[in-house]
Amino acid sequence: MNNSNTAFGGVLPTAAAEGSKQMLVSEALLVRAAELEAAWYTPPLMWHGPSGTPVTGEQVAAHLDYARSLLKREGWAPGEFGLSEVLDGPVDQIGVCVSVLELITCAHTGAGAAEPRLWDKVPGRTAEQVRALLGAGAAYARRNGPTDHH
């Protein structure tokens, strides 16, 4: 299997900005995001929410999958109905979801930091790109997140 394809059997495109190279949920992207996590956080620091409560990879993936389906069903309107709205929920899950999406965004763009709830408001961003970011985040959480609260 070609490593540029996803575990989903296809490619989830998104871009840092209109006209830039497309983000693929590839092995290289997920590995780079894991490298950033290791450099930025003392394990398993990232997998605890703002209250200090641990969050599993599956909880994050489920939250991101739900957010992705909600955007697809309800439509995406930057500044009105986007990542800020669909990521709403338990504070600890939101905190870890945002951290995961930041890792994916930075792994793709090379940025040193990124706020996903602002990323989706950049002029030229598309609904497909935002949903692809959520899909890549869910794939990363399933792959790299803890499986239990220990």
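The values are calculated or read from the model by the stated rules, or taken from the named source; none is laboratory data. These numbers were taken from a predicted model, which means no experiment stands behind them. All Cβ positions, glycine included, derive from the backbone under ideal geometry; neighbour counts span all protein chains shown. Each accessible area value is taken on the protein alone, full model and side chains, heavy atoms only, with ligands, DNA and RNA left out. Shrake-Rupley method; radii C 1.70, N 1.55, O 1.52, S 1.80 Å.
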Count, please, the residues in the stretch 111-138 that happen to be open to solvent by 20 Å² or more (accessible area, probe 1.4 Å) and not in a loop (DSSP other than H, G, I, E, B). 6
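With the requirement that a residue be of a type in the set (Val, Ile, Thr) and either free of Cβ contacts under 8 Å to residues at least 24 places away in the same chain or under 20 Å from ALA61 (Cβ atoms) (or both), what does the stretch 97-125 give you?
Residues of the stretch 97-125 of a type in the set (Val, Ile, Thr): 98, 100, 104-105, 109, 122.
Residues satisfying the conditions are VAL98, VAL100, ILE104, THR105.
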Hey, could you check the stretch 63-93 for residues that are buried (at least 21 other Cβ atoms within 10 Å of the Cβ) and within 18 Å of GLY49 (Cβ to Cβ) and say which is nearest to the chain's Cα centre (by Cα)? LEU64
